[in-house]
Amino acid sequence: MISESIYDDLLDSLEKDFTEIMLILKCLGNENRLQILMYLVKTPKSYGNIVKNIELKKTAVSNHLSQLLDVNMIEKEEHGVYKISADGLSFIKAIERAYQDLPSKQVKKFETLQQRSISNSFLDRFKL
C-alpha cells in the first residue's frame with residue numbers, strides 16, 4: 001500500500017505549482033495548439049509552414065503560437081521560425097508516457113497480446 005506521505009508530497013507539489021500547471025494544461029487542451037506543438041517535434045518550422053500545415057487563418061495561428069510562447073512550450077527563432085522548447089518536448093513526452101501507463105491501456109495491451117498468442121497457436125495447429 002502506498003503511504004499517505006507520498007500522497008501528501010504529491011498534493012503539496014501540485015498545490016505549489018497549481019497555477020502554472022493549469023496554464024499549461026489549458027493551453028495544450030486546445031486541439032490546434034497541441035497539433036502545432038506536435039508539428040514542431042522533429043524540426044523547427046516557419047510561420048508560413050505552420051499556417052499551411054494546420055490549415056487555420058493566419059490570425060488564429062498567430063494567437064495559438066503566442067499562447068504556446070507564453071507557457072514556454074515553444075521558442076521563436078529568427079525570421080519567424082518556431083521550434084519546440086525543452087519544456088515543450090518534456091511535457092509532450094510526459095503526456096504520452098502517462099497515457100500509455102494508464103491501467104486501462106495496460107489491460108488492453110495485455111489482452112491484445114494474449115489474443116495474438118491464441119490466434120497464432122490456433123493457426124500453427126492447422127499449418128501443413
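The values are calculated or read from the model by the stated rules, or taken from the named source; none is laboratory data. Quantities reported herein were computed from a predicted structural model and do not represent experimental measurements. Don't worry about glycine lacking a Cβ; one is built from the backbone with ideal geometry, like all the others, and counts go over all protein chains shown.
Odds and ends about this structure:
- Some residue of segment 57-74 being under 15 Å from the mean Cα position of the chain (by Cα), on the phi > 0 side of the Ramachandran plot and either of a type outside the set (D, E, K, R) or modelled with pLDDT of 95 or more (or both): yes
- Total residues in segment 24-68, condition without any contact (Cβ under 8 Å) to a residue 24 or more places away in the chain, surrounded by 13 or more Cβ atoms within 10 Å (Cβ to Cβ) and closer than 20 Å to ILE95 by Cβ: 4
- When residues of segment 69-78 are limited to those that are part of a strand (DSSP E or B) and without any contact (Cβ under 8 Å) to a residue 12 or more places away in the chain, the one surrounded by the most Cβ atoms within 10 Å (Cβ to Cβ): GLU75
- The one condition from (1) under 18 Å from ASP87 (Cα atoms); (2) part of a helix (DSSP H, G or I); (3) not aliphatic (A, V, I, L, M) that ASP9 does not meet is (1).
- Qualifying residue in segment 34-41 (condition: outside any helix (DSSP H, G or I), within 24 Å of LYS83 (Cα to Cα) and aliphatic (A, V, I, L, M)): yes
- Qualifying positions in segment 55-85 - out of contact with any strand residue (DSSP E or B) (no Cβ under 9 Å at 6 or more places or on another chain) and more than 19 Å from MET22 (Cα to Cα): GLU55, LEU56, LYS57, LYS58, THR59, ALA60, VAL61, SER62, GLU78
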